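The values are calculated or read from the model by the stated rules, or taken from the named source; none is laboratory data. In this text, all values refer to a predicted model and were calculated from it rather than measured experimentally. In this analysis, Cβ positions are derived from the backbone assuming ideal geometry, glycine residues included, and neighbour counts consider all displayed protein chains. What goes into the accessible areas is simple: the full protein's heavy atoms, side chains included, and nothing from ligands, DNA or RNA. Shrake-Rupley method; radii C 1.70, N 1.55, O 1.52, S 1.80 Å.
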Amino acid sequence: MHADAQVRAETAARTSYGRLLALLAARTHDVASAEDALADAFERALTRWPVDGVPDDPDAWLLTVARNRQRDRWRSAAERTSVLFDEAVHDAPAPGAVPDRRLELLLVCAHPDLADASVPLMLNTVLGFTAERIGAALLIPTATMAARLTRAKKRIARDRIPFVVPENGQLADRLTPVLEAVYGSYAIEWPTPPRERHALLLGLGETIAAAAPSAPEAHGLAALMYLSSARLPARVDEDGRFVPLSLQDPDRWDRDLISAGHHHLRAAHGLGAVGRFQLEAAIGAVHCARRPGEEPDWTHLRRLYDALIALAPTRGAAVARAAVIAEVDGPRAGLAALDAVDAVDRLQSAWALRAHLLDLVGDPGAGTARAKAISLTTDPAERQYLRRTARESGR
């Protein structure tokens, strides 16, 4: 019972943190205080659930305990003068009736007055990433990131930024940093997200698309995540060995996720405006159209990458485009395109591609490039694949 209770508490922390935090902060506008109350609730769960058993509705239990903690603080003399607290809305929720206000919290984080901290704040509050992990992903020192997050949370409380979903016109303007944060979280977790975390991110993408059905890029992001996730089952073989996309068995891809991705891609295209996420999703759709034994449509992929680079130039997209150019025009053309990409010294995909292309042209520099790629690889399965490739290339 003890071990099961601890697992259930940890699962709730991964899957319900953002939803519960949004509910706790919506009335007080005090995100930091809501975080403290929720931390107390999770700590109490770890001590009570092994003794009393896991409640039928863990989220409702955690929300009630955290709200009681908020109420206790509000009733103290120090809090009474500084924090408004609506007692009427803090009754225990009905079983299974915990609402989802994560989109409102995301939009609070995306408020124009918080522009310098919007994406990190969303990653921290709704998606549960620490200041250390966000700082590492954005190349910002942990202390600097922590201070930035603290200032932003204080401003939400001071200015009482409302937890509301604005009308469609304003919603579209506020969605861009929201979509960037969700995509950033997905990219940080890739390629081995915990199962519950993965489902949470896909569900959040679906929630945003449902709340903003007329926003093409909301559908584009949902499509991109579905189509990328569809290929995860084939990314490693039965023995856990990494399988490059070009060698994956399409029969192992998740057809339900591919279908969901196509649904959102059609919705995005029907709205008549092209964006970055739509183009990346379209690239994923081309790969997912491949049948066993077939090559993807490299010419079509090159056109899509050209459009993506023109619209949203990133180093990752430029490296992927170089790989496609190598397929269309040969490895030397791919190397030339790769050489034109700036600031890739710490970009693992660039070194892995360089090693592959140098192998194809018989350049001994492939070994050095592959060693660099191995040093930058964080996924154990891919690291083993690169080491195996290095041995085979050496022979």
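Counting only residues that are open to solvent by 20 Å² or more (accessible area, probe 1.4 Å) and among the hydrophobic types (A, V, I, L, M, F, W, C), the stretch 254-278 holds 6 of them.
For the stretch 61-69, the criterion of being assigned to a helix (DSSP H, G or I) and at pLDDT below 90 is satisfied by no residue at all.
Among all positions in the stretch 186-195, there is at least one residue which is aliphatic (A, V, I, L, M), part of a helix (DSSP H, G or I) and within 29 Å of VAL274 (Cα to Cα). Exactly one residue out of ALA273, ALA336 is within 25 Å of THR176 (Cβ to Cβ) and among the small types (Gly, Ala, Ser): that is ALA273. In the set PRO213, PRO177, PRO191, only one residue is in contact with a Ser or Thr (Cβ under 6 Å, 6 or more places away or on another chain) and of a type outside the set (Val, Ile, Thr); that residue is PRO177. Taken over the stretch 234-253, the criterion of being touching a Leu at 6+ places or on another chain (Cβ under 9 Å) and either open to solvent by 70 Å² or more (accessible area, probe 1.4 Å) or free of Cβ contacts under 8 Å to residues at least 40 places away in the same chain (or both) is satisfied by ALA234, TRP253. If you go through the stretch 212-248 and keep only what is assigned to a loop (DSSP other than H, G, I, E, B) and either basic (Lys, Arg) or more than 20 Å from LEU171 (Cβ to Cβ) (or both), you end up with ARG231, ARG235, ASP237, GLU238, ASP239, GLY240, ARG241, VAL243, PRO244, GLN248. Might you let me know whether the stretch 194-211 holds any residue that is over 19 Å from ASP173 (Cα atoms), modelled with pLDDT under 85 and open to solvent by less than 10 Å² (accessible area, probe 1.4 Å)? There is at least one residue in the stretch 194-211 that is over 19 Å from ASP173 (Cα atoms), modelled with pLDDT under 85 and open to solvent by less than 10 Å² (accessible area, probe 1.4 Å). Beta carbons closer than 8 Å, at least 6 apart along the sequence or on distinct chains, pair a first residue in the stretch 254-272 that is touching a residue at least 24 places away in the same chain (Cβ under 8 Å) and assigned by the TED database to the domain that holds PRO216 with a second that is among the polar types (S, T, N, Q) and open to solvent by 30 Å² or more (accessible area, probe 1.4 Å) for LEU271/SER214.
For the stretch 326-350, a residue qualifies if it is within 29 Å of the chain's Cα centre (by Cα) and open to solvent by less than 60 Å² (accessible area, probe 1.4 Å), and the qualifying residues are ALA337, LEU338, VAL341, VAL344, LEU347, GLN348, SER349, ALA350.
Checked against (1) assigned to a loop (DSSP other than H, G, I, E, B); (2) open to solvent by 40 Å² or more (accessible area, probe 1.4 Å); (3) more than 20 Å from ALA337 (Cβ to Cβ); (4) not polar (S, T, N, Q), GLU295 passes all but condition (3). Tallying residues that are without any contact (Cβ under 8 Å) to a residue 24 or more places away in the chain, part of a loop (DSSP other than H, G, I, E, B) and charged (D, E, K, R) within the stretch 140-165 yields 0.
For the stretch 166-185, the set of residues classified as modelled with pLDDT under 85, open to solvent by 10 Å² or more (accessible area, probe 1.4 Å) and in a helix (DSSP H, G or I) consists of ASN168, GLY169, GLN170, ALA172, ASP173, ARG174, GLY184, listed by residue number.
Taking the criterion of being open to solvent by 40 Å² or more (accessible area, probe 1.4 Å), touching a residue at least 40 places away in the same chain (Cβ under 8 Å) and not aromatic (Phe, Trp, Tyr), the only residue of the stretch 358-387 that qualifies is GLN384.
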